[in-house]
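The values are calculated or read from the model by the stated rules, or taken from the named source; none is laboratory data. Everything numeric in this text was worked out from a predicted model, so none of it was measured. No Cβ is skipped: glycine too gets one built from the backbone with ideal geometry, and neighbour counts run over all protein chains shown.
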Amino acid sequence: MIDPRSTYSFVANKIIGELRKKPSRVEREFMISTLLGEVVNINVIYKGVGIGIDRLKLKINLILIELLDFEAILVMDWSSFCPE
């Protein structure tokens, strides 16, 4: 899913094994507001995960969060991506 309102990109717990990346812990937790009005504190991020959209190859940082309906939510700010 691509969410134009999202500030960060997220990945679901259920697919982290497919990333083939080790997680990093951040000192300052991210405070994430969900659509249900809950606030979740998260300190795990996967840095430099390679993804492909059509012919575009990108590396992004993904914040680990419990997602039920999606495997990932990508930020819409394309300037935040670093082309490979």
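In segment 11-32, what residues are closer than 17 Å to Leu68 by Cβ and polar (S, T, N, Q)?
Asn13
Hey, among the residues in segment 7-21 that are of a type in the set (Gly, Ala, Ser) and in contact (Cβ under 8 Å) with a residue 12 or more places away in the chain, which one's surrounded by the fewest Cβ atoms within 10 Å (Cβ to Cβ)?
Checked segment 7-21; the qualifying residue surrounded by the fewest Cβ atoms within 10 Å (Cβ to Cβ) is Ala12.
Whether any residue in segment 33-45 is more than 12 Å from Ile65 (Cα to Cα), among the aliphatic types (A, V, I, L, M), at pLDDT 85 or above and loosely packed, with under 15 Cβ neighbours inside 10 Å is what I want to check.
No - not one qualifying residue is present in segment 33-45.
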